[in-house]
Amino acid sequence: MTFKSIPKIELHTHLEGCAPPSFIKGLAAEKNIDISGIFAADGGYAFRDFDHFLQVYEAACTTLQSPEDFRRLTMAVLEETASHGVVYMESFVSPDFCGGGDLAAWRDYLAAMVDAANEAEEKLGITLRGIVTGIRHFGPDACKPAAICAVETFGSFITGYGMAGGEMAGRPGDYAYSFDMAREAGMPLTCHAGEWGGPSMVAETIRDLKVSRIGHGIGAIGDPALVEEIAEKEIVLEVCPGSNVVLKAVDGWALHPIVKLRDAGVKVTVSTDDPPFFHTTMTAEYDMLNRTFGWDEDDFKVVNETALAAAFCDDDTRARVAKRLEPAQ
Ligand code: ADE
Ligand code: ZN
């Protein structure tokens, strides 16, 4: 059974992390950059564990050096994602990888991404929105320029602020300054937490950063009272099961807590995170949820309705995307 053709929404992808290895290899060859060490014999990305994954990811990003590179990346990613039935996608985009956090450079990179996104929407019927992202292991001070870029370009394409990277770098409260800045500008917020950290990391993220969504959040499962609080506050989890399995945040699909979280009343959504790194696609995620837990079209309908309601886009966009989720007449 395959769920390739059903329309899907994903809220948690990293734009650079969606780059096909062949695309990055092509850029490296064009620019004479030797990053051959980040690829496996089968042509995919090669990494040992999460810390090494972050190093490989950053090495791949060294090939993305201009707005034109990001225009091409955005188009390549949207073509691949749309081929799996995705009709709306949110991607984390990092000013750190787009001109080193400089606002003027960021505006140029962003314009190129928006150009490609507009072209893809017209051609492929997929809508992309960006969430500006601070990189946690670069430290709280490095997240401030990212937040400034977010606030200055908040609008129809940049719809939120978030934080990715090494979760165990500091505590959530250390990053409150940039989240406060984004919140005061009216930006919706999300943050990676509970991918590696336990319940206290998730609880502090909710308390200190006041996010409405959490990236992953699976570490909450260790504290039933926290799970209840997440359900009660209607905080939405951007769950990425295939990523968790490959990075060994969980010991295999059968032990993934997505069903327990959902059954406890938590609003869960499904995304791919960095699909080529984890040899996954949205189709593969749905197929594995079906094979492992018996999820069917009705379950995926709920997941997509939850994702649509939690999307950071404006309501006109939400209404346009809702039409794409309706069954064909
Ligand atoms: N950046 C890209 N993928 C990530 C992940 N799974 N966790 C944290 N930061 C990331
Ligand atoms: Zn992520």
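Please treat every number below as a calculation from the coordinates, not as lab data. Quantities reported herein were computed from a predicted structural model and do not represent experimental measurements. Note that each Cβ is placed from the backbone with ideal geometry, even for glycine, and that neighbours are counted across all protein chains shown.
The alpha-carbon of LYS233 sits under 18 angstrom from the alpha-carbons of these aspartates and glutamates, leaving out residues fewer than 8 places away in its chain: GLU204, ASP208, ASP223, ASP263, GLU305.
First select every other residue whose beta carbon is under 14 angstrom from the beta carbon of ILE221; then total the charges, Lys and Arg +1, Asp and Glu -1.
On the way: positive: LYS260, ARG262; negative: GLU195, ASP223, GLU228, GLU229, ASP251, ASP263.
Net of charged neighbours comes to -4.
Computed about its Cα centre, the charge dipole of the range 95-219 is approximately 340 debye, with only Lys, Arg, Asp and Glu carrying charge at their Cβ. Note on the range 1-75: dipole from Cβ charges, positive end direction compared against MET75, PHE39, LEU64; the farthest Cα belongs to MET75. In plain terms, if you count all Cα to Cα distances in the range 103-144 and split them into 5 Å steps from zero, the share in each step is 5, 19, 18, 18, 16, 11, 8, 4 percent. Beyond 24 Å, the tail of the calculated P(r) for the chain holds 51 percent of the Cα pairs.
Distance distribution P(r), the range 74-191, all Cα-Cα pairs, bin width 5 angstrom from 0: 2, 13, 23, 21, 18, 13, 8, 3, 0 percent.
Normalised by the residues of the range 8-313, what does the relative contact order come to in percent, with Cα pairs under 8 Å and at least six apart? Spell out each step's value before the answer.
Values: 561 pairs, mean separation 55.4, N = 306.
It comes to 18 percent, rounded to a whole number.
Summarising the strand pairing of the chain, around 5 percent of its internal DSSP beta bridges are antiparallel.
Of all the options MET113, MET75, MET163, the one that moves most in a Gaussian network model of the chain with Cα springs shorter than 10 angstrom is MET75.
Projecting the Cα atoms of VAL245, ALA328, TYR109 onto the dipole axis of the chain, where Lys and Arg carry +1 and Asp and Glu carry -1 at the beta carbon, places ALA328 farthest toward the positive end. Principal axis extents of the C-alpha atoms in the range 1-92 (largest first, rounded to whole Å): 40, 31, 22.
Count the net charge of all other residues whose Cβ sits under 13 Å from the Cβ of LEU124, scoring Lys and Arg as +1 and Asp and Glu as -1. Working shown, then result.
Values: positive: LYS123, ARG324; negative: GLU79, GLU80, GLU119, GLU121, GLU122.
The answer is -3.
For LYS210, a cut-off of 12 angstrom between C-alpha atoms picks up these aspartates and glutamates, skipping any fewer than 8 places away in its own chain: ASP180, GLU184.
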